[in-house]
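A short worksheet on the structure shown next.
Read-outs throughout are calculated quantities, based only on the coordinates presented, and are distinct from any laboratory measurement. For clarity, every value in this text was computed on a predicted model and none was experimentally measured. FYI the Cβ positions are ideal-geometry reconstructions off the backbone, even for glycines, and counts take in every protein chain you see.
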Amino acid sequence: MAGKRVTGRDGQDEGGAKAGLPAMDISLAFPQATPASIFPPSASDYYQSDDLLTSEERSIRMKVRGIMEKEIAPIMSAYWEKAEFPFNAIPKLASLGVAGGTIKGYGCPGLSITASAVTMSEIARVDASCSTFILVHSSLAMVTIALCGSEAQKQKYLPSLAQLTTVGCWALTEPNYGSDASSLRTIATKAPGGWHIDGQKRWIGNSTFADVLVVLARNADTQQLNGFIVRKGAPGLKATKIENKIGLRMVQNGDIV
């Protein structure tokens, strides 16, 4: 092929003769490339992101990586096939010490934003269902209580959630309106001794077994969106598992009524 000129159907040079340019020598334009397959896969930190981490952030990343690879990775395939959550893995996930993420106090780790992100990526690196479980529990339920809850609520709920002796979920999404918070139809009405919440939620992760549910509902009096802490077993509370998922199969998404 080297040194030959390529012509089109009309006999003119494809290398540029139509435009009045000298024809291109194909052998010069496309020299023999080295097959990518002869190069070993890169095991280096290509973007040198490791250099941007503090020693503490690198340390917790390696701790999480070690536990996830040794304790969690070997059991994930079986649970994925069954679409069941590995409850026996919760103590191992608790030993990571990352539930609560950036929250300071109340038994939470008080990680930097970077450390929290790095630990979640290490968990997801082994299994995305496990990282989703932690994110729903920690970054949604726990952070909402930490930011919006009363001091009494923080003292009551955060310590056990940080230890994963209780599990949280966060209920925003609804069947007809998705996660559009401005369109929520779940209504909370003040009642003697608490609140009466009437509505439906859908695709709520951890909901079928959560001990603490943070439910987003519209205040009937103010029409503002409020968060309500609902305990497992509350009168009228029912969560049903959504079956036959093809992704995040170990995450127990549920319909709440």
Run through the DSSP bridge list for the stretch 188-240 and note the antiparallel percent, rounded to the nearest 5.
-> 90 percent
What is the sum of charges around Pro175, taking Lys and Arg as +1, Asp and Glu as -1, for the other residues whose C-beta is under 15 Å from the C-beta of Pro175?
-> 0
Kindly flag which residue pairs out of Lys92/Lys245; Lys82/Lys245; Lys156/Lys201 have an alpha-carbon separation exceeding 23 Å in this structure.
-> Lys92/Lys245; Lys156/Lys201
Along each of the three principal axes of the Cα atoms of the stretch 169-256, give the extent in whole Å, ordering the values from largest to smallest.
-> 41, 27, 15
Taking the Cβ of His196 as the centre, find all other residues whose Cβ is under 14 Å away and add up their charges (Lys, Arg: +1; Asp, Glu: -1).
-> 0
First check a/c for the stretch 43-165, with a ≥ b ≥ c the square roots of the eigenvalues of its C-alpha gyration tensor; if it is under 1.5, answer rounded, and if not, answer prolate when a/b is larger than b/c or oblate otherwise.
-> oblate
